[in-house]
Amino acid sequence: MAIISLLIYNLLMGLTMGSLNCPTGKSNPLQFHLVRQCQRAAADEALALENTSSLEDCVSLAHEKRGLALNYAPGGAKRRKNIYDQRFFGKENHKQQHLRSRLSVFEQPGEFFNCHVLQCPQNNTFSGMVNDSRFDYYSLYGRPTAIRNYSCVPEVGLFVVYTQPSVYLNASLACSNSSEFTGSLAHIASEYRTTSLAQWLLEFNRKSQPRGESNVFLAYVGLVYNSSTSLSRLDFRNSQRESLQCFLYRAWDAGHPRFGRELSNASCVALTPQGTWQTLNCDRELPYICEIHTARPTGTWENSDSELDIGPNAVFECND
């Protein structure tokens, strides 16, 4: 009898979780895409510098540290030396040797570590890249997005804040239908995401003041209650239609969530720079935050040539 009761309980829980559309570990596997061969990104502020036995181990480390990009040196006969390093074409003089000897191991990551886990991916200009035939560069985002005014929130993702006020529906459509990136209104259902994005808004406002631009005190994010689709009053849904009840974190401001008469059919959520959530009438016009999605999986890392960047700075000579 106890076994039958347990089976019925598990079945009901499965149906409930299904109706809430809760994410699973297999929902959206994050994949690192090969973007540049024979180049590495600067690792001055790397999340981790390690020697790993394989690319897979380096990727696992990147997932553990919430890295958004990585450098990896595959090794092998053709990749053990950096053909762009002048030391291999001429003897290093005493001054160069002295300067190099004063650098710590962590100031020379390319010399001592084959796996560099990075906070953020490179932007459109690839200005932080170094020619190094030992390494290849990988990113969760594949090639950089075409839009130029996006920001990286380290260990979280890439975001764009739009200061031109809009009602919630139009803000959501602007994020999901953009011709410049694949995205949606920002996902905030974790403490790390909420606090990081709030800090980012504070920094955005600080930089906006000297330019005479408007500060952002409330910004729409991807969380909304709709009486026609939500299962209960607390069943707010994100842009992927996942219920807030699937997540443990809450950051409601005092007096929120509100369910007054004017919010009887829909209640949309905005983020404050103080790291709290507020419910508002969805017809209110506010700035909004779009999140740029990671690139979709294309197969194994070794066969992800569709993401390989072939811009003017790409280097292929090291394979010859």
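The values are calculated or read from the model by the stated rules, or taken from the named source; none is laboratory data. Remember, it's a predicted structure, so these values are computed and weren't measured experimentally. As a convention, Cβ positions derive from the backbone with ideal geometry for all residues, glycine included, and neighbour counts pool all protein chains shown.
Observations on the structure shown:
- Complete set of residues in segment 156-181 that are assigned to a loop (DSSP other than H, G, I, E, B) and crowded, with 16+ Cβ neighbours inside 10 Å: Val156, Val167, Ser178, Phe181
- Residues of segment 255-273 that turn out to be of a type in the set (A, V, I, L, M) and either part of a loop (DSSP other than H, G, I, E, B) or within 27 Å of the chain's Cα centre (by Cα) (or both), as a count: 3
- For segment 221-236, the set of residues classified as surrounded by 14 or more Cβ atoms within 10 Å (Cβ to Cβ) and in contact (Cβ under 8 Å) with a residue 60 or more places away in the chain consists of Val221, Gly222, Asp235, listed by residue number.
- Scanning segment 21-62 for residues that are modelled with pLDDT of 95 or more and exposed (fewer than 14 other Cβ atoms within 10 Å of the Cβ) returns Asn51, Ser53, Ser54, Glu56, Ser60.
- Total residues in segment 112-133, condition part of a loop (DSSP other than H, G, I, E, B) and under 19 Å from the mean Cα position of the chain (by Cα): 9
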